[in-house]
Amino acid sequence: MNQKDIILLIDDDEENRSTLHEILSDTYTIVDASTITEALTKLENHAVKISMILLNLMISNMYGFAFLAELQRIKAAMNIPVIVTTVDNNETKELEALQLGAHDIIVKPFRPAIIKRRIANTIKLLKTAAEINLIERDALTGLYSMNFFTKRVAEVIQSNVGKRYLVVFANISRFKLVNELFGRTEGDRLLTFIGKSILDTIGENELCGHAGADNFFILIDSDEYNEGSIKEIVNKLNSYSIPINIVMRFGVYMINDITMPIEKICDRAKLAMDTFEGNYDSFITYYDDSIREKLLREHMITNAMKRAVEEKQFVIYYQPKFDLNSECVIGAEALVRWKHPEFGFLSPGEFIPIFEKNGFISELDYYVWDCVCQKIASWVETGHSLMPISVNVSRVDLYNPKLPQLLFDLVNKYKIPIQYLHLEITESAYTDNAKQMIDIVNEIRKIGFVIEMDDFGTGYSSLNMLSDLPIEILKLDMSFLRNNVGRSSGRSVIQFVINLAKWLGLFVVAEGVETQEQAIFLRNMGCDYAQGYYYSKPVDDSDFEKLLLETHLCVMI
């Protein structure tokens with residue numbers, strides 16, 4: 001008897017799930033997920049088995065649009081077809097879903113025969129495409145295609161149970177620079193050269209696959225492995241005739257569990273290579289316990305995040321903003337800290353990137369917005385002097401078409417003046433999908449929110465985009481400030497940015513001000529406001545209110 005195809009059903013509506021189970025369970029195995037976070041976890045554990053995803057486009061946890069965007073970043077899941085369900089025939093929503101990678105759309109009320117046929121057609125189409133794509137050799141390099149490589153690796157491992165193998169991931173540092181400087185033809189010639197070098201170096205019973213771009217995987221018999229063979233590849237690369245230093249990095253993973261999916265084995269080799277960041281003393285690194293501990297730590301954080309919100313383990317800290325001329329407090333930025341009951345304070349640099357990857361950042365952002373609105377509401381109730389508090393809006397939030405209404409409903413819920421909740425949107429969010437981001441930020445601005453561009457100076461399109469964005473406040477990134485104050489050319493750049501912002505009618509906040517010298521420099525440049533350890537570190541709720549009582553306040557905007 002043939003095994004049933006597995007469908008991942010992502011829907012927070014119990015009635016929808018019940019109806020779809022009734023329609024599909026006789027033909028398919030249904031795996032339920034009532035939240036996006038739960039769905040991402042199940043994808044991570046079952047991606048190689050799931051045949052299709054059935055997604056409620058308006059699921060309330062993170063919204064289907066954001067999930068579709070995030071799905072494109074998950075290597076093991078990007079080829080799983082997605083059919084979205086929705087309750088209305090909204091052409092704009094349907095078009096956006098299709099642009100984000102959805103394969104088809106089903107509108108309620110559900111019609112069983114139509115649903116089953118559409119799902120069957122979609123799964124069949126993708127299976128046929130996968131079979132067609134199972135080409136043995138990559139046309140460019142002559143190496144195995146990745147589909148065939150993983151297939152052959154599985155066969156070799158399973159048929160040689162007594163042997164031990166390792167997988168090596170190889171990658172060229174800054175390969176894009178080769179294409180940019182010398183053209184794609186030269187880049188292809190380099191990849192072909194690398195492919196031949198690897199084939200000439202590995203043993204007769206060892207395998208190599210080209211994973212696209214400048215990524216290569218090699219299966220090596222551990223008994224035959226030594227670093228000399230990899231060094232031989234590097235030496236050959238050094239002889240390649242091109243006026244640029246080509247640096248190749250290698251990550252190695254020893255296969256200890258032959259039941260582990262090949263995709264996961266390859267991912268671990270790649271994880272090993274990724275640890276090379278900032279390390280130029282070596283070109284080989286191994287997957288070890290430190291990387292394993294990092295993965296376990298991420299798993300712990302992921303498992304604890306929902307409970308942390310429910311138990312209010314996340315606490316809000318405030319970093320005051322000061323007027324550079326009067327040195328009075330004019331506002332603050334809300335920052336989130338995680339006070340874990342077992343591990344103490346966890347660094348945002350540790351958990352925020354994980355939440356951005358798994359989509360939970362939306363839930364955390366809303367939690368912060370809600371806490372800040374409560375704080376402002378308490379000031380209104382007690383007659384406390386009001387000042388604007390800025391909160392972060394992540395790029396995942398911006399994929400939610402209901403974001404403007406969500407924010408508007410929040411300030412109405414607490415009956416606070418809308419101008420006192422400022423929204424900080426990082427510059428890199430605009431460069432990801434400029435038009436879509438500008439459109440939704442325009443909607444938010446029309447409602448009455450004040451928009452701040454955060455981390456200015458870290459991206460590449462800043463000056464071109466400033467005039468198009470509905471922002472009122474520009475925040476100079478701390479590294480941009482620190483790296484340029486000491487040089488005359490850097491000072492000129494900062495002066496130019498401040499002058500440009502003034503010409504565009506924008507206020508300028510410098511973040512990361514650590515010394516009196518920097519504060520004086522910025523004031524002389526005409527910068528309006530500053531925040532940083534020179535003035536105040538981020539402080540908790542009670543210390544912030546104490547600071548407000550002790551410090552003169554003035555209005556920001």
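The values are calculated or read from the model by the stated rules, or taken from the named source; none is laboratory data. Being a predicted model, the structure only gives us computed values, none of them experimental. Reconstructed Cβ throughout: ideal geometry from the backbone, glycine too, with neighbour counts over all protein chains shown. The protein model used for the area step is the full one, side chains on, heavy atoms only, and it has no ligands, DNA or RNA in it. Shrake-Rupley method; radii C 1.70, N 1.55, O 1.52, S 1.80 Å.
Screening the candidates Leu406, Leu423, Leu410 for the property of being hydrophobic (A, V, I, L, M, F, W, C), open to solvent by less than 20 Å² (accessible area, probe 1.4 Å), part of a helix (DSSP H, G or I) and touching a residue at least 12 places away in the same chain (Cβ under 8 Å) yields one hit, Leu410.
In region 213-233, the qualifying residues are those that are aliphatic (A, V, I, L, M) and out of contact with any strand residue (DSSP E or B) (no Cβ under 6 Å at 6 or more places or on another chain), and the one that is surrounded by the fewest Cβ atoms within 10 Å (Cβ to Cβ) is Ala213. For the structure I just gave you, tell me whether Ile255 is open to solvent by less than 20 Å² (accessible area, probe 1.4 Å) and hydrophobic (A, V, I, L, M, F, W, C). For Ile255, the condition - open to solvent by less than 20 Å² (accessible area, probe 1.4 Å) and hydrophobic (A, V, I, L, M, F, W, C) - is met. Scanning region 145-189 for residues being over 21 Å from Ile202 (Cα atoms), in contact with a Leu (Cβ under 7 Å, 6 or more places away or on another chain) and open to solvent by 50 Å² or more (accessible area, probe 1.4 Å) gives a total of 1. Hey, does region 357-366 have a residue that's touching a helix residue (DSSP H, G or I) at 6+ places or on another chain (Cβ under 8 Å), closer than 30 Å to Ala69 by Cα and among the small types (Gly, Ala, Ser)? Within region 357-366 (the criterion being touching a helix residue (DSSP H, G or I) at 6+ places or on another chain (Cβ under 8 Å), closer than 30 Å to Ala69 by Cα and among the small types (Gly, Ala, Ser)), the answer is yes, since at least one residue qualifies.
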